[in-house]
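Heads up: the structure comes next, in structure tokens.
The values are calculated or read from the model by the stated rules, or taken from the named source; none is laboratory data. Bear in mind that the values here come from a model prediction, so they are computed numbers and not experimental data. Cβ sites come from the backbone with ideal geometry, for glycine too, and all protein chains shown count toward neighbours.
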Amino acid sequence: MKIDAKLMLTVLFLVVVPCLLAVSPGSAQNYSPESVKRPVAVKDGIEMTRLADNDYQNGFDSDNRVAQFSPDKKHFVIILKRGDIAHNTNTFSVLLYRSRDALLSPKPDVVLEMHSSSNRDAISKVRWLGDNRTLVFLGENADEVSQVYAFDIKDRTLVQLTHHPSAILDYDVRYDGRRIVFVAQPVRQTGSCKEEARLKGIAITNQILTDLLRDPCGAPSQYAYAGQLFVQDEQDPPVRVPVQEPIRHEFSISLSPDGRYILMSVGVCQVPTLWRLYKDKDIQRFVNDKRRKDGISDLNRYQLWDILANRVIRLLDVPTLGFPPTKWASDGSSIILNNSFLPLDPLDVTELESRKTNRYDIEVEVPDGKYRKLENGYGQEEEKKETSSLKVFMKEDMNTPPKLYASDTKSQQEALLLDMNPQFAHIYLGEVKTVRWKTRDGRESQGGLYLPLGYIQGRHYPLVIQTHGFTTRRFSMDGLNDWASAFAARYLASAGLVVLQVAMHADNTPEEGPHEMARYEGAIDYLDGEGLIDRNLVGITGFSRTFYEVGYALTHSTYHFAAANLVEGIDGGYFQYLSVSPTPTDDFLLNEDWPFGRGIQSWIKNSPTFHLDQVHTPVRLVGLGASGGVLMEWEWFMVLSELDNPVDFILLPDAEHILVKPLERKVAQQGLVDWFRFWLRGEESQDPENEDQYVRWRNLRAEYLLATSRR
């Protein structure tokens with residue numbers, strides 16, 4: 001067969017040359033990263049490997065949170081976690097390193113994995129014992145409750161140290177492992193009062209409404225009770241500590257080095273009158289809170305339990321929020337408290353005024369409670385611990401996924417220790433840049449702009465505004481510390497939308513709503529002026545505190561929002577205040593009065609729920625059952641339904657405020673992406689599992705178009 005030479009040259013030109021140009025370094029103007037990498041998807045974020053440190057996940061820097069060194073500094077462990085959608089579990093891994101090998105980029109030694117199917121961590125609160133070979137931690141596997149475990153890094157043996165019938169929420173252990181103290185959930189009782197209730201009724205005092213609706217005779221939800229404290233010595237059965245005041249199980253307990261005292265944070269049932277003199281805004285909020293769950297305020301105080309004497313000791317007559325950092329002297333004779341208030345004892349006027357306003361680092365003697373201020377944060381015994389020149393740290397920024405590094409401060413050597421997500425090399429993660437603009441009321445604001453996949457300059461894209469704080473220091477799939485409950489920044493950008501992650505300023509005044517609305521409006525004006533967006537296709541998503549702020553914008557702004565997503569949060573509304581408000585004092589401050597008598601007028605003016613007739617935006621609501629439940633958004637759902645405004649309501653019955661379980665995260669985030677694609681781009685996913693949601697949404701859209709045509 002004779003081949004035409006001219007035809008062959010034409011084929012080479014049309015087929016081979018473009019292929020060469022596609023990979024040629026000299027053809028950079030035709031190269032786009034998305035052409036060789038697949039777009040990021042919700043699954044990638046859920047199954048991303050992350051540092052398993054709760055403070056880091058809540059927004060704190062990773063400094064000093066990456067590695068936990070053995071007492072002799074010869075080994076360290078790193079705890080990582082990742083989601084597993086197929087099994088709806090979170091996998092936690094313990095990586096063991098020898099310090100002397102860290103600069104050689106060793107292959108990680110994964111010595112232990114555990115898998116949690118609950119909202120708790122599978123491995124948490126890891127501590128080294130003094131033998132330099134034993135790790136103690138809270139752990140659980142799927143369908144189990146958390147217990148205290150010990151793991152021997154040399155023998156690779158795992159031993160369960162506690163066998164409590166309910167989940168252990170916090171613990172501490174003596175350096176030799178011979179004494180464990182722990183806080184556990186009370187064992188739930190079921191229906192024991194039902195017969196008596198039929199005969200005598202149930203006295204309604206300070207129960208939570210959601211619990212009463214669920215089961216008036218049942219045990220309260222996990223947010224309504226405090227934990228129970230136990231002491232366990234070696235192989236002896238645990239002994240309940242009869243502490244009268246409720247222990248805040250969400251905060252730490254601390255065992256003295258000699259194992260005699262337990263420092264704990266307890267809820268305050270009767271707030272001392274003198275505490276009203278403290279000028280701290282947060283203290284003032286809770287001091288003046290008229291309604292307290294179970295009669296307990298949101299203020300805490302330090303308390304000691306003397307195990308030997310079997311008695312309680314009130315350490316200081318000062319309020320605390322949470323459990324501020326503490327440090328025991330090595331002999332257990334004193335405790336250093338950082339950033340603490342001091343008692344308002346009878347003092348000279350100058351000292352009293354100072355104590356009303358300021359916090360101090362102090363050292364408190366045990367057990368008599370005598371205290372002194374510290375100038376440098378150290379006590380009389382500044383421990384001389386063996387220090388290591390080896391540092392383990394994380395590098396990341398808004399466009400760089402986190403990687404772990406090791407360095408030697410003496411030699412100045414640095415080496416990559418671990419790329420936690422090597423699969424990202426094959427995924428187009430998108431680009432984020434910092435933008436600044438003026439709000440509509442003249443203030444400066446900044447945020448992170450996530451550009452859409454295949455971004456073309458000059459094209460006007462739909463916009464989604466995410467409404468919590470923005471930082472350049474962190475890499476995030478979702479937009480803010482991976483708050484999957486209501487944010488999905490990279491996935492939205494991958495679907496062809498511009499995403500703006502804005503800051504937030506909650507000042508608890510009636511100006512909070514107008515200020516945040518002005519922030520959103522200013523952002524829309526700025527991005528429209530830059531030629532980036534179609535201002536008629538703007539979506540917005542609010543969560544927790546910004547539920548209220550987005551709600552205010554939807555009901556008070558003259559700007560058009562084409563779609564909204566609202567997930568469990570305060571709404572400054574009358575129904576929520578009376579039924580399930582987590583912070584009734586905030587409702588008071590936002591509306592500048594209580595909703596009674598003359599005060600109702602300020603609520604009618606400010607509260608979004610009194611203006612729901614002004615909402616002309618399709619709204620997706622997400623309720624989280626383990627936290628606020630269906631009642632948090634009920635007023636919005638019912639009123640918008642009555643007004644024939646498109647509203648979709650999804651309840652995740654077991655979900656925490658910050659979503660934990662992989663399938664819950666998938667429902668929330670993929671649903672959010674699908675919602676905004678549907679209303680802002682007119683697109684539907686091809687996943688057959690989602691057909692039922694599109695049946696609902698098409699009906700909502702048809703009704704919406706009909707209602708719009710009548711206006």
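Counting only residues that are touching a residue at least 24 places away in the same chain (Cβ under 8 Å) and surrounded by fewer than 20 Cβ atoms within 10 Å (Cβ to Cβ), region 71-90 holds 9 of them. Among the residues making up region 618-657, those that are assigned to a strand (DSSP E or B) and either among the charged types (D, E, K, R) or under 20 Å from ASN88 (Cα atoms) (or both) are ARG620, VAL622, GLY623, LEU624, ASP648, ILE650, LEU651, LEU652.
One residue stands out in region 133-152 among those that are among the hydroxyl-bearing types (Ser, Thr, Tyr) and free of Cβ contacts under 8 Å to residues at least 40 places away in the same chain: the one that is nearest to LEU169 (Cα to Cα), namely SER146. If the condition is being among the polar types (S, T, N, Q) and not in a loop (DSSP other than H, G, I, E, B), then region 428-478 contributes THR434, SER445, GLN446, GLN466. Quick one: in region 654-706, which of the residues that are hydroxyl-bearing (Ser, Thr, Tyr) and out of contact with any Lys or Arg (no Cβ under 8 Å at 6 or more places or on another chain) is nearest to ALA484 (Cα to Cα)? Top of the filtered list is TYR694. Among residues of region 267-284 that are free of Cβ contacts under 8 Å to residues at least 12 places away in the same chain, none has a Cβ under 6 angstrom from a residue that is basic (Lys, Arg) and surrounded by 13 or more Cβ atoms within 10 Å (Cβ to Cβ) at a sequence gap of 6+ or on a separate chain. On the basis of being touching a residue at least 40 places away in the same chain (Cβ under 8 Å), buried (at least 21 other Cβ atoms within 10 Å of the Cβ) and among the basic types (Lys, Arg), does ARG490 make the cut? In short, yes.
Scanning region 559-603 for residues that are part of a loop (DSSP other than H, G, I, E, B) and among the hydroxyl-bearing types (Ser, Thr, Tyr) gives TYR559, SER581, THR583. Remark: ARG620 matches the filter, which requires a residue to be in the same structural domain as VAL580 (by TED's automatic domain parsing), within 25 Å of the chain's Cα centre (by Cα) and at pLDDT 90 or above. Selection of region 93-129 for residues being part of a helix (DSSP H, G or I) and surrounded by fewer than 19 Cβ atoms within 10 Å (Cβ to Cβ) yields ARG100, ASP101, LEU103, LEU104.
A quick yes/no check of all residues on (1) in contact with a strand residue (DSSP E or B) (Cβ under 7 Å, 6 or more places away or on another chain); (2) more than 30 Å from ILE46 (Cβ to Cβ); (3) buried (at least 22 other Cβ atoms within 10 Å of the Cβ):
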| position | (1), (2), (3) |
| --- | --- |
| ASP482 | no, no, no |
| SER485 | yes, no, yes |
| ASN508 | no, yes, no |
| GLU521 | no, yes, no |
| VAL538 | yes, no, yes |
| VAL550 | yes, no, yes |
| SER579 | no, yes, no |
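Residues that are at positive phi, in contact (Cβ under 8 Å) with a residue 24 or more places away in the chain and within 21 Å of the chain's Cα centre (by Cα) do not occur anywhere in region 522-536.
Filtered by the rule that a residue be more than 29 Å from the chain's Cα centre (by Cα), over 17 Å from VAL183 (Cα atoms) and not β-branched (Val, Ile, Thr), region 114-167 gives LEU129, GLY130, ASP131, ASN132, ARG133, ASP152, LYS154, ASP155, ARG156, LEU158. Applying the set (1) over 21 Å from the mean Cα position of the chain (by Cα); (2) surrounded by fewer than 24 Cβ atoms within 10 Å (Cβ to Cβ) to GLY573 leaves exactly one unmet item: (2). Among the conditions (1) buried (at least 24 other Cβ atoms within 10 Å of the Cβ); (2) under 24 Å from the mean Cα position of the chain (by Cα), LEU463 misses just one, which is (2). Scanning region 37-58 for residues that are under 15 Å from the mean Cα position of the chain (by Cα) and in a loop (DSSP other than H, G, I, E, B) gives ALA52, ASP53, ASN58. Of the residues making up region 379-389, not a single one is modelled with pLDDT of 90 or more and either more than 30 Å from ALA415 (Cα to Cα) or buried (at least 16 other Cβ atoms within 10 Å of the Cβ) (or both). Here the condition is being outside any helix (DSSP H, G or I), in contact (Cβ under 8 Å) with a residue 60 or more places away in the chain and either assigned by TED's automatic domain parsing to the domain that holds PHE487 or within 28 Å of MET48 (Cβ to Cβ) (or both); of VAL673, VAL660, it holds for VAL660 alone. Among the residues here, GLY45 does not qualify as surrounded by fewer than 18 Cβ atoms within 10 Å (Cβ to Cβ), of a type outside the set (Lys, Arg) and within 27 Å of VAL673 (Cβ to Cβ).
Residues in region 409-425 that are among the polar types (S, T, N, Q) and either out of contact with any helix residue (DSSP H, G or I) (no Cβ under 7 Å at 6 or more places or on another chain) or in a strand (DSSP E or B) (or both) were compared, and the one that is nearest to ILE78 (Cα to Cα) is ASN421. Comparison of ASP687, ASP674 shows that the only residue that is acidic (Asp, Glu) and modelled with pLDDT of 95 or more is ASP674. Residue pairs whose Cβ atoms lie under 8 Å apart, separated by 6 or more positions or on different chains, with the first residue in region 118-132 and modelled with pLDDT of 95 or more and the second among the acidic types (Asp, Glu) and surrounded by fewer than 18 Cβ atoms within 10 Å (Cβ to Cβ), are LEU129/ASP176; GLY130/ASP176; ASP131/ASP176; ASN132/ASP72. The set of residues in region 334-349 that are more than 14 Å from LEU277 (Cα to Cα) and surrounded by fewer than 18 Cβ atoms within 10 Å (Cβ to Cβ) comprises ASN338, ASN339, ASP348.
Counting only residues that are in contact (Cβ under 8 Å) with a residue 60 or more places away in the chain, more than 24 Å from the chain's Cα centre (by Cα) and over 26 Å from LEU497 (Cβ atoms), region 510-521 holds 2 of them. On inspection, ALA562 fails the criterion of being in contact with a strand residue (DSSP E or B) (Cβ under 8 Å, 6 or more places away or on another chain) and within 21 Å of PRO514 (Cβ to Cβ).
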